[in-house]
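Only one structure is covered here, and it is reproduced in the block below.
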Amino acid sequence: QNSDRDQIQDLHEEWFPVKYKDEFYNELVKNRLFNSGEKLFSCVGIHQKRHIQTDAVNHEMDSNDDQQILCSEIMSNLQVSDQIIYDQIVSCVVGTFVKPSRCKETSNLLIPNQERYKRMFYIMTLGTVTEYRHLGLGTTMVQTCMRLVEKDPQCGALYLHVIVFNSGAIRFYENLGFHRVKEIKDYYTIDGKLYNCYLYAKYYHGNRGHWSFLDLSSQMIMSFWKKLTAQNSWIADSDKDLR
């Protein structure tokens, strides 16, 4: 919503070295792409906080932790003149459905059968406030995008870009089942310098994407082998326990 605009911009400028125009944020809170007016999807994770003004001092505290006890003690001992509850945005994802005609090179890689699949979904930005990381918020944000794609049988791929040196983000997306498709040269410009990125994608509704038949066969064999070796390891451990 419009009241989130400045908070969203502050977080994006904190999270990402890439700079976005003011128009991007103006349209983002209206759920529109600033350069085309097309529909934009955004989802935020919030932490509700309570700001208490008293005649003596101001107190700010979380509404969902042990400090609520302290809150009740303060309110009983001091005369409360104002109490404001507000939402702190702690995680955010922004994305949009993309027609293949808008990015032909990417769509030719990710959607070989464009008669069958009319759309892809692009995750534009994803971030979480530092002190709220490793709590599953980023995963939850991506899963909201996954559910959108799963509900649309004509959407064949969910994709994104990651700068090559962001090893944490690379591990994060690979753990969620994304596959590295290719490296793109000079994709990002940061402080006047060019940086490569990786294109990552996850496929849906039977779309094989960039995988060849040989790739798919290899993946199935590797998956079967991992399950088999894990099962054999468990059996071997069980035998040891029985001896």
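Going by a ≥ b ≥ c, the root eigenvalues of the Cα gyration tensor, does segment 96-210 fall in the rounded group (a/c under 1.5), the prolate group (a/b larger than b/c) or the oblate group? Oblate is the answer for segment 96-210, as a/c is 1.5 or above yet b/c matches or exceeds a/b. Assuming charge only on the beta carbon of Lys and Arg (+1) and of Asp and Glu (-1), the dipole of segment 171-211 about its Cα centre is about 160 debye to the nearest 20.
The phi torsions of segment 40-48, fed into the Karplus equation with coefficients 6.51, -1.76 and 1.60 and a -60° offset, translate into couplings of 10, 9, 9, 9, 10, x, 10, 10, 7 Hz, rounded to whole numbers, with Gly and Pro shown as x. Distances between placed amide hydrogens fall under 5 Å for F121 paired with V98, A157, L158, Y159, all partners being 5 or more residues away or on another chain. Rolled with a 1.4 Å probe across the full set of protein chains, the surface gives K30 an accessible area near 100 Å².
Distances between placed amide hydrogens fall under 5 Å for V90 paired with G45, I46, H47, all partners being 5 or more residues away or on another chain. The accessible-area ordering, largest first, of the residues V18, V98 stands as V18, V98, per a 1.4 angstrom probe.
Within segment 147-198, the trypsin sites (Lys or Arg not before Pro) that combine a DSSP coil assignment with at most 14 other C-beta atoms in a 10 angstrom radius are K151. The solvent-accessible area of V44, taken with every protein chain present and a 1.4 Å probe, is close to 60 Å².
The values are calculated or read from the model by the stated rules, or taken from the named source; none is laboratory data. Only a predicted model underlies this, so the values are computations on that prediction, with no experimental measurement involved. Quick reminder, even Gly has a Cβ in these numbers, built from the backbone with ideal geometry, and neighbours come from all protein chains shown. SASA here: full protein model, heavy atoms, side chains in, ligands and nucleic acids out. Shrake-Rupley method; radii C 1.70, N 1.55, O 1.52, S 1.80 Å.
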